[in-house]
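Right, one structure below, let's go through it.
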Amino acid sequence: MKHLVFLTGAGMSAESGISTFRDSNGLWEQYDVMEVASIEGWYRNPDLIQKFYNERRAQLNEVEPNEGHKMIASLEKSFKVTVVTQNVDDLHERAGSTQVIHLHGELTKACNESKTKVYEIGTKAIHPEDKAEDGSRLRPFIVWFGEAVPLIEKAAEVVSEADVVVIIGTSMQVYPAAGLIHYAKKDAPVYLIDPNPVDDSSFRVEIIKKKAGEGMAILLEKLI
Ligand code: OAD
């Protein structure tokens, strides 16, 4: 069975109504990324960070997987499919994908400060006084800037085994995720679905200049 690997970013969930980060009106125009998404920000102002992620988590109750998520999940009928996502939402899983690697963590989980203990919290808020079993503050299970990306090696291995790689909705600006494409086999086709220009100068790629849903429909015709 051919192995398809999808590398997805914020644009994957855009048609579900979740904001991207770097587009105009994106989250990083409204918030200072180093205040709400870095380990230094957590030490400086944990309440602001909790508020930011509590809002993102609550938003999961209002959004649904889009056609793009669903088409990726449907491919499991004919292929081995692994999704490596930078997204912290659960829309790939809710669409039915069974093999999802969340490089940057998951909104529906919390953890202790050393990240050794992880708790399922669904869409519930974390309150400033909430503590983990070890007495440390409960925090969102998110990989912030300045933190290690523990799943990157597993993701690199998966990409290196892929027969086809499909990149969807990521500006490829955040490392180490952006470097994963360099692990693809020399003869593995690489597709990139994005309605906007992406800097693809460092890797060979067939561009499908469409939003995730429409782009996936085109890709499906090529694959099946
Ligand atoms: P970005 O906001 O940097 O990039 C989003 C990409 O999605 C852009 O290339 C858009 O053109 C594209 N896009 C917009 N609408 C789309 C649609 N409907 N269909 C397909 N593509 C669309 O988001 P990421 O690359 O995911 O990390 O950002 C990477 C990381 O930076 C995030 O995981 C987050 C952020 O800081 C942390 O917070 C740690």
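The values are calculated or read from the model by the stated rules, or taken from the named source; none is laboratory data. Keep in mind the model is a prediction, meaning the values are calculated, not measured. For neighbour counting, all protein chains shown are included, and Cβ atoms are generated from backbone atoms with ideal geometry for every residue, glycine included. With ligands, DNA and RNA removed, areas are computed over all heavy atoms of the protein, side chains included. Shrake-Rupley method; radii C 1.70, N 1.55, O 1.52, S 1.80 Å.
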- Tell me what the chain gives for mean residue ellipticity at 222 nm when only DSSP H runs of n ≥ 4 count, each as -39,500 (n - 2.57), the sum divided by the residue total, rounded to 500 deg cm²/dmol. -7500 deg cm²/dmol
- Query: What's the local net charge at Ala73, with K and R +1, D and E -1, over the other residues with C-beta under 12 Å away?
  - Reply: 0
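Sort Asp90, Asp47 by accessible area with a 1.4 Å probe, largest first.
These residues rank, largest area first, as Asp47, Asp90.
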- Within the range 1-61, list the chymotrypsin sites (Phe, Trp or Tyr not before Pro) lying in a DSSP loop whose Cβ has at most 16 other Cβ atoms in a 10 Å radius. Tyr31
- Taking each pair of different alpha-carbon atoms in the range 37-95 once, compute 1/r for the pair, average those values, and report the inverse of that mean as the Kirkwood hydrodynamic radius in Å to one decimal. 13.6 Å
- Query: Under a 1.4 Å probe, what is the accessible area of the chain per residue, stated in Å²?
  - Reply: 49 Å²
- Message: With an 8 Å Cα cut-off and a minimum separation of 6 or more residues, compute the relative contact order for the range 1-149 in percent.
- Response: 25 percent
- Note on the structure: Expected vector for the range 70-81, Karplus 3J(HN,Hα) from phi with 6.51, -1.76, 1.60 and θ = phi - 60°, integer Hz, x for Gly and Pro, equals 5, 5, 4, 4, 5, 5, 5, 5, 10, 9, 7, 10
- Nearest-ten-degree value, helix 212-223 long axis tilted from longest Cα axis of the chain: 40 degrees
- Task: At most 16 other Cβ atoms within 10 Å and a DSSP loop assignment: could you name the trypsin sites (Lys or Arg not before Pro) in the range 40-108 that fit?
- Result: none
- Message: Output the 0 to 90 degree angle, nearest 10, between the alpha-carbon long axis of helix 152-161 and the longest principal axis computed from the alpha carbons of the chain.
- Response: 10 degrees
- Span from the the range 33-107 Cα centroid across to the the range 174-224 one, whole angstrom: 20 Å
- Sparsely packed trypsin sites (Lys or Arg not before Pro) within the range 128-197, loop by DSSP, other Cβ within 10 Å at most 15: Lys185, Lys186
- Message: I'd like the orientation of helix 46-59 relative to the chain: the angle between its Cα long axis and the longest Cα principal axis, in ° from 0 to 90, rounded to 10.
- Response: 50 degrees
- Task: Tell me, rounded to the nearest percent, the portion of alpha carbon pairs in the range 113-185 spaced more than 17 Å apart.
- Result: 59 percent
- Item | Using θ = phi - 60° and Karplus 6.51 cos²θ - 1.76 cosθ + 1.60, couplings along the range 194-205 (whole Hz; Gly, Pro as x) | 6, x, 10, x, 10, 6, 10, 5, 8, 8, 7, 7
- Message: To check my understanding: the extent here is largest minus smallest coordinate of the Cα atoms along each principal axis. What are those three numbers for the range 162-224, in Å, largest first?
- Response: 29, 25, 16
- If the limit is 22 Å between Cα atoms, which of Lys117/Lys154; Lys2/Lys210; Lys51/Lys109 go over it? Lys2/Lys210
- Query: Percent of accessible area on the range 3-223 owned by carbon and sulfur, 1.4 Å probe?
  - Reply: 50 percent
